[in-house]
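Only one structure is covered here, and it is reproduced in the block below.
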Amino acid sequence: MTAPPLPGGLGPGTPVGELPLRPVVTLAGGVSIRQAAQALVRARSGVVLVGASEAAITEVDVAEAVAAGRSPCEPAASLARARALHVDAGTPVLEALVTMLRAGLPALVVIDADRPRGMVTMAQATAVVVHTAEIPSWLPALRTALRLEVRIEP
């Protein structure tokens, strides 16, 4: 999954609402695991919402179900986590990234005026944070010790 190009001036403190958000994908409550998997592939955000309760289903949830031998015809709602995690459009990118990492979710629903505005993905948030981070002073020593060629370009 690749993040969209970064507009100029973005940084870790930028509100997530200023990022190019992905659309929120909501599926009917009666869809199958297969249909949810197909929607995840099309959405390329890692999370879809199911039913009126907006329970979240991730790519990992589908992979775990298949690995456990569950039928792709079973209702996707049976995989759903509780309600998807939401962040306010004014939440800083770094805070949203930390929330995703702690929750183990690849994306969050961005809410603006109590309505879903879009999804921010971990790839987007990481790109903003890494793109603006200074190169640590210890990186050249690590590169030498590991005999790796590591390039970080601003």
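Below, the figures for the structure above:
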quantity	calculated
FRET efficiency for residue 67 and residue 101, using Cβ-Cβ distance with R0 set to 25 Å, rounded to 0.05	0.60
Residues 109, 48 arranged by fewest to most Cβ contacts within 10 Å	109, 48
Shape category assigned to the stretch 23-84 from the gyration tensor of Cα positions, a/c cut at 1.5	prolate
Cut-off under 5 Å, modelled amide H: who pairs with residue 88 long-range	111
Residue-wise HN-Hα coupling along the stretch 63-78, computed from phi with Karplus coefficients 6.51, -1.76, 1.60 (Hz; x: Gly, Pro)	4, 5, 5, 5, 4, 7, x, 6, 6, x, 8, 5, x, 5, 4, 5
Environment charge at residue 22 (Cβ cut-off 12 Å; Lys +1, Arg +1, Asp -1, Glu -1)	+3
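Each value in this text was obtained by applying a stated rule to the coordinates, not by laboratory testing. Keep in mind that this is a model prediction, so the values were computed, not measured. Positions of Cβ are generated from backbone atoms using ideal geometry, with glycine treated the same way; all protein chains shown enter the neighbour counts.
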